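Q: Attaching a single structure in structure tokens format; questions to follow.
The values are calculated or read from the model by the stated rules, or taken from the named source; none is laboratory data. Note that the structure is predicted; figures quoted are calculated from it, not measured. Note: ideal-geometry Cβ built from the backbone for every residue, glycine included; neighbour counts use all protein chains shown. The protein model used for the area step is the full one, side chains on, heavy atoms only, and it has no ligands, DNA or RNA in it. Shrake-Rupley method; radii C 1.70, N 1.55, O 1.52, S 1.80 Å.
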Amino acid sequence: MAKITVDFDDSRLRNNIKTFGNRLNKNVSAVMDYNSGYATGWLKSKAPWHDDTGAARSGLVAIPFSAGSKHELLMAYSVTYGIWLEVANSGQWAIITPGMRVIGAKIMNDMQHLIDSMTEGR
Amino acid sequence: MLPMIVYETLSVDEQLEDLGVTEGRILELQSVDERPYDDGYFVILNWQEATTFLQTAIKKAPRILTVWVHTPKDKTRDYRIVDRILNRIDSLLLGIEQQSGSDSTRVTCVIKQGRSGNLIDDGWKTIARNATYGVLYDEYAV
């Protein structure tokens with residue numbers, strides 16, 4: 001009669017599950033930080049108007065906020081007439097609105113890869 | 001390449017005509033420098049990006065179409081007709097499924113993505129609202 005013994009050490013699995021939430025949160029924060037830089041560059045380079053003073057373009061910013069498990073990316077103008085650029089002439093010079101779509105899609109794409117990479121223990 | 005079915009669907013609709021949006025009052029944003037009409041309602045089509053970041057089985061993304069409805073703000077501040085025009089455009093565009101226009105570009109489907117609030121366009125001095133759609137078609141195939 002054969003007897004098979006399996007010696008299974010699940011401590012690593014337990015530890016990964018235990019720390020998953022914190023690691024995910026930390027990595028999401030990192031994704032948001034990275035994308036704030038990406039978004040700022042994207043907004044400045046894609047803004048469709050010809051510069052007069054350059055204030056509107058140089059004042060475009062994207063700022064990440066991470067508080068607990070909540071993460072936000074704020075994209076904004078620094079000039080007071082920014083809303084005019086978004087709305088005037090059927091949004092001919094809008095940049096924040098398309099930016100929300102494009103950067104939002106990129107962040108979701110990064111999140112997908114993040115989850116994939118975390119299954120490898122990172 | 002823009003799918004002609006979108007323009008052709010809107011431009012022949014009798015209900016839109018009844019609301020004052022005749023064929024000549026549907027324009028593409030890049031063809032307009034100044035406010036095109038000083039009275040009545042007009043529609044502006046703004047064809048924007050198609051973003052393909054996500055790794056999906058289908059390597060194409062819906063192209064973003066923003067549809068603006070305007071009327072001069074010195075004539076009215078009542079958005080009800082604007083809303084009715086947007087509602088009609090909604091039902092027309094969302095009804096396009098696997099259809100081609102005179103350019104043979106086939107539209108797979110149109111997806112509703114939301115509407116703006118009541119806006120004042122200070123450039124054209126109009127009251128305006130817009131609706132955003134994702135139009136799935138293959139512009140590389142033509």
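Q: Checking residue B:65 against (1) part of a loop (DSSP other than H, G, I, E, B); (2) among the aliphatic types (A, V, I, L, M); (3) in contact with a Phe, Trp or Tyr (Cβ under 6 Å, 6 or more places away or on another chain), only one condition comes out false. Which one?
A: (1)
Q: Also, quick follow-up: Regarding residue B:45, is this residue closer than 25 Å to residue A:100 by Cα, in contact (Cβ under 8 Å) with a residue 60 or more places away in the chain and not in a loop (DSSP other than H, G, I, E, B)?
A: no
Q: Separate question: Suppose we filter region A:82-97 for residues that are buried (at least 22 other Cβ atoms within 10 Å of the Cβ), in a loop (DSSP other than H, G, I, E, B) and facing chain B (nearest Cβ under 7 Å); how many remain?
A: Summing the residues that are buried (at least 22 other Cβ atoms within 10 Å of the Cβ), in a loop (DSSP other than H, G, I, E, B) and facing chain B (nearest Cβ under 7 Å) in region A:82-97 gives 0.
Q: Please determine whether any residue of region B:70-81 is touching a Ser or Thr at 6+ places or on another chain (Cβ under 7 Å), within 11 Å of another protein chain (Cβ to nearest Cβ), assigned to a strand (DSSP E or B) and in contact (Cβ under 8 Å) with a residue 24 or more places away in the chain.
A: Checking region B:70-81: at least one residue is touching a Ser or Thr at 6+ places or on another chain (Cβ under 7 Å), within 11 Å of another protein chain (Cβ to nearest Cβ), assigned to a strand (DSSP E or B) and in contact (Cβ under 8 Å) with a residue 24 or more places away in the chain.
Q: Name the single residue, out of those in region B:79-102 being under 15 Å from residue B:11 (Cβ atoms) and β-branched (Val, Ile, Thr), that is farthest from the chain's Cα centre (by Cα).
A: B:96
Q: Then there's this: I'd like the residue in region B:112-135 that is hydrophobic (A, V, I, L, M, F, W, C) and in a strand (DSSP E or B) and, out of all such residues, is nearest to the other protein chains (Cβ to nearest Cβ).
A: B:119
Q: Using the structure shown, decide if residue A:117 is part of a helix (DSSP H, G or I), within 14 Å of chain B (Cβ to nearest Cβ), surrounded by 12 or more Cβ atoms within 10 Å (Cβ to Cβ) and hydroxyl-bearing (Ser, Thr, Tyr).
A: No, not satisfied.
Q: Which condition does residue B:2 not pass, out of (1) hydrophobic (A, V, I, L, M, F, W, C); (2) touching a strand residue (DSSP E or B) at 6+ places or on another chain (Cβ under 7 Å); (3) within 18 Å of residue B:96 (Cβ to Cβ); (4) open to solvent by less than 30 Å² (accessible area, probe 1.4 Å), if it passes all the others?
A: Residue B:2 satisfies every listed condition except (4).
Q: Additional query: If I filter region B:18-34 down to residues being farther than 19 Å from residue B:5 by Cα and either more than 9 Å from every other protein chain (Cβ to nearest Cβ) or open to solvent by 60 Å² or more (accessible area, probe 1.4 Å) (or both), which single residue comes out as modelled with the lowest pLDDT?
A: B:33
Q: Looking at region B:91-111, can you tell me whether even one residue there is touching a residue at least 12 places away in the same chain (Cβ under 8 Å) and within 14 Å of chain A (Cβ to nearest Cβ)?
A: Yes, there is a match, as at least one residue in region B:91-111 is touching a residue at least 12 places away in the same chain (Cβ under 8 Å) and within 14 Å of chain A (Cβ to nearest Cβ).
Q: Looking at region A:23-37, is at least one residue at pLDDT 90 or above, part of a strand (DSSP E or B) and within 21 Å of residue A:117 (Cα to Cα)?
A: For region A:23-37, residues at pLDDT 90 or above, part of a strand (DSSP E or B) and within 21 Å of residue A:117 (Cα to Cα): absent.
Q: Any residue in region A:51-61 that is within 24 Å of residue B:46 (Cβ to Cβ), of a type in the set (Ser, Thr, Tyr) and over 24 Å from the mean Cα position of the chain (by Cα)?
A: no
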